[in-house]
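**Q** Below is one structure. I have some questions about it.
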Amino acid sequence: MKDFEKGLVARTEPADGKGLRILIVHTRWNAPIVNALVEGATAALRAAGVAEITTRDVPGCYELPLATASLLAQQPYDAAISIGVLIKGSTMHFEYIADAASHGLMRVGLDAKRPVIFGILTCLTEDQAKERAGIAGAGDEGHNHGRDWGLAAVEMARLNNGQA
Ligand code: DLZ
């Protein structure tokens, strides 16, 4: 028997997203993997009974912080999930974009005082990204992190609304 199970421990009570309005902003870069993550997040939100899901897209991860900030300012969403996939290439792009996007998204959430879920995979290979989007294939599809992000959005929205 394993004495340590890596990853997120699920809450015992079911997620209750009734009445919540959730924004998903996702990139068009690495679309097949990103789309699987968006589907995972959307499925988790629907299963939790979220009333309203709005989905918008942007070019790449570098655009996620401003787009998320801008859309949160336009509508009273209870939480946002910002989804993208960065795959390391042969230049320094990966490091700069990952750093800017992660710091930017944290700032957006703190400034808006609304939960912004960090839905960016920062992977060294395409296979790593597919595994984390649940589309790895070859018998073991991996785990779709989008589902975890959907549940995190519901949990954090309720906490932020004083409903937790
Ligand atoms: C330029 C670039 C590169 C090299 N790689 C990725 C990536 O793996 N994932 C991603 O979401 N976006 C990438 N981009 C695009 C930048 O995020 C951004 O869209 C452009 O630099 C324009 O600002």
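The values are calculated or read from the model by the stated rules, or taken from the named source; none is laboratory data. Remember, it's a predicted structure, so these values are computed and weren't measured experimentally. Every residue, glycine as well, gets a Cβ built from its backbone with ideal geometry; the counts of neighbours run over all protein chains shown. Areas reflect the complete protein model, heavy atoms only, side chains present, ligands, DNA and RNA absent. Shrake-Rupley method; radii C 1.70, N 1.55, O 1.52, S 1.80 Å.
**Q** What is the sum of charges, Lys and Arg at +1 and Asp and Glu at -1, for the other residues whose Cβ falls under 9 Å from the Cβ of Ala157?
**A** Summing Lys and Arg as +1 and Asp and Glu as -1 gives +1.
**Q** Ranked highest first by the average count of other Cβ atoms within 10 Å around their residues, in what order do 25-33, 46-54 fall?
**A** 25-33, 46-54
**Q** So, one more: Once you charge only the Cβ atoms, +1 for Lys and Arg and -1 for Asp and Glu, what is the size of the charge dipole of segment 62-137 about its Cα centre, to the nearest 20 debye?
**A** Value, rounded to 20: 180 debye.
**Q** Of the heavy-atom accessible surface of segment 21-160 (probe 1.4 angstrom), what whole percent is carbon and sulfur?
**A** Ligands and nucleic acids excluded, carbon and sulfur give 53 percent.
**Q** Just tell me which lysines come within less than 22 Å, Cα to Cα, of Lys6; anything on the same chain fewer than 8 places away is out.
**A** Result set, ordered by chain and number: Lys130.
**Q** Right, something else. Tell me, what is the per residue accessible area of segment 17-123 in Å², probe radius 1.4 Å?
**A** I get 49 Å² per residue for this part.
**Q** When Lys and Arg each count +1 and Asp and Glu each count -1, what net charge do the other residues less than 14 Å away from Glu126, Cβ to Cβ, add up to?
**A** Local charge sum for Glu126: +1.
**Q** Quick one: compute the contact order of the chain, relative version, from alpha carbon pairs under 8 angstrom and 6+ residues apart, as a percent.
**A** 29 percent
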